[in-house]
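One structure is given below, encoded as C-alpha cells.
The values are calculated or read from the model by the stated rules, or taken from the named source; none is laboratory data. Just so it is clear, the structure is predicted and the values come from calculations on it, not from any experiment. Here Cβ is always computed from backbone atoms with ideal geometry, including for glycine, and neighbour counts include all displayed protein chains.
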C-alpha cells in the first residue's frame, strides 16, 4: 500500500506524466476462451504487478478451479523486460479434463490491485480472472514458420509517460493453437540479452520494443542489436528457426 501511494504522489507531481498509464496491470494468455488438455498459461505483469508475478506460489498461490476440482500451476519460466514488464509461463501439474471450464485464481492479491486485472468477462462486463473451456485432445503439433521474420520499419514517438519505440518485423507462421514469439534481443555493445514472449498482431507483424506505458525492450544499451525469434504455441510446442539472427539498429527520436 505504501509503495502504491508513493508512485501515485510521484505521478501527480510530474508535469510530464499522463493518466493514460496504469500503475499496475496483469494480462493473460491464451487470449481466447478455449484451450487444449495440455495447455500452458502466460501472465504479463506490469509495474506494481511485478511483485505478484515474482511471488507466485509463494505469497500468491496460483491455480485453476473447475467446480470442486483444483489444479495447481507450476512456474516453467519467468522473464524480465526492460520497461516494467515481468512474465510468468505456467504449466498445470496435470492435464485438464475435456469439456470442463477452468477459472484462473491467484490468492492474496490486495483488493487495490484487482481493478488492474486486464481481462473483461464478456457476459458480466466485469474485470476478473479468465475462464477457459477445454477442447478434447492434446496439441502436440510443432508450430511452423512459413516466412522468416524480416524488418520492415522503425518508429519512435515521445510521450509523457515514456517513449513508444518499436522495430517492426513481418512473418508468417502456422499452428493449430494461439502462438507467442519468444524474442531474444542482444546488445552488440554490452552482450546483454533480454528475453520476452511477444504477441504478434493479426496482420502477422511483430512489434519489438516498448509502448508509452512500458514493455519488453527499451534499446538503451547501445546502438546496434541482434534479435532471434522462436515460436511457442499455447501448449508449449516450440519451433526453432536456425540461423535466424537479425541485426538491427535501434529507433531514433526524429526530434
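With surrounded by fewer than 17 Cβ atoms within 10 Å (Cβ to Cβ), outside the structural domain of residue 199 (by TED's automatic domain parsing) and modelled with pLDDT of 90 or more as the only criterion, which of 151, 125, 95 stands out?
Being surrounded by fewer than 17 Cβ atoms within 10 Å (Cβ to Cβ), outside the structural domain of residue 199 (by TED's automatic domain parsing) and modelled with pLDDT of 90 or more holds for just one of 151, 125, 95, which is 95.
I'd like the full set of residues that are more than 19 Å from residue 87 (Cα to Cα) and modelled with pLDDT of 95 or more, limited to region 176-204.
Within region 176-204, the first condition is being more than 19 Å from residue 87 (Cα to Cα), and the residues that meet it are 176-177, 187-191, 202-204.
187, 188, 189, 190, 191 - these are the residues of region 176-204 that are more than 19 Å from residue 87 (Cα to Cα) and modelled with pLDDT of 95 or more.
Being at pLDDT 95 or above, closer than 27 Å to residue 241 by Cα and either assigned to a strand (DSSP E or B) or out of contact with any strand residue (DSSP E or B) (no Cβ under 6 Å at 6 or more places or on another chain) (or both) is the requirement here; does residue 168 meet it?
Details: at pLDDT 95 or above: yes; closer than 27 Å to residue 241 by Cα: yes; either assigned to a strand (DSSP E or B) or out of contact with any strand residue (DSSP E or B) (no Cβ under 6 Å at 6 or more places or on another chain) (or both): yes.
Considered against the rule, which asks whether it is at pLDDT 95 or above, closer than 27 Å to residue 241 by Cα and either assigned to a strand (DSSP E or B) or out of contact with any strand residue (DSSP E or B) (no Cβ under 6 Å at 6 or more places or on another chain) (or both), residue 168 comes out as yes.
Condition check: outside any helix (DSSP H, G or I), crowded, with 19+ Cβ neighbours inside 10 Å and more than 16 Å from the chain's Cα centre (by Cα). Does residue 64 satisfy that?
Numbers: outside any helix (DSSP H, G or I): yes; crowded, with 19+ Cβ neighbours inside 10 Å: yes; more than 16 Å from the chain's Cα centre (by Cα): yes.
Yes, satisfied.
Do we have any residue at all in region 235-243 that's in contact with a strand residue (DSSP E or B) (Cβ under 6 Å, 6 or more places away or on another chain), surrounded by 20 or more Cβ atoms within 10 Å (Cβ to Cβ) and either modelled with pLDDT of 95 or more or assigned to a loop (DSSP other than H, G, I, E, B) (or both)?
yes
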